[in-house]
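Step one of this worksheet: look at the structure below.
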């Protein structure tokens, strides 16, 4: 019975975590610019910040966010604004050695806080909390199991995107391919910003 209730949650967690979105695009960019190891705090911050959202949504805060249209508009504005800012910075992305670069990867705290402005993360958390919360008693145990399952699946999924970026980093030594890749990443980031409003 327990396994039957967790399997749909696990499937939803995998599909929603592995598909493209603001976090995964940012992690791919970070993997390219800084490599996998320097992107680890960013990855951990994504999973930790999203875990906090899972707790809040399971506790009922997600319903409050949905009930207040103004908060929804604010979240969309913050999320799309940050993505457009990111797209602006990505237009001149370079792949210099770590010693020569002046940029720094997103921190654990920065990635955690960004989740609050990430509409995809809110949709994932609200949907899963309303549809896949395990039927356990007491309620704190249900929330704990729910958050644990989602987080255990989320971290490897976001790591795949950072890993893909670090692999691509090796093949982007030529300036021409750097420009092509930068253009693709900028367009994907702009698409993510626009899709927030669709």
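The values are calculated or read from the model by the stated rules, or taken from the named source; none is laboratory data. Everything numeric here is computed off the predicted structure, so don't read it as measured data. Cβ coordinates were reconstructed from backbone atoms using ideal geometry, including for glycine residues, and neighbour counts include every protein chain displayed.
Find the helices (runs of 4 or more DSSP H) located wholly in the stretch 12-127 whose residues include 2 or more that are modelled with pLDDT under 90, and list them.
Answer list for the stretch 12-127: 22-34, 36-58, 61-67, 69-90.
Quick check on my filter: what residues within the stretch 161-180 are surrounded by fewer than 19 Cβ atoms within 10 Å (Cβ to Cβ) and part of a helix (DSSP H, G or I)?
163, 164, 167, 168, 169, 170, 175, 176, 177, 178, 179, 180
Go through the stretch 128-160 and give me each residue that's within 24 Å of residue 22 (Cβ to Cβ) and in a loop (DSSP other than H, G, I, E, B).
Hit for the stretch 128-160 is 132, nothing else.
Out of all the residues in the stretch 137-145, is one or more within 29 Å of residue 74 (Cα to Cα) and in contact with a helix residue (DSSP H, G or I) (Cβ under 8 Å, 6 or more places away or on another chain)?
Yes: one or more hits.
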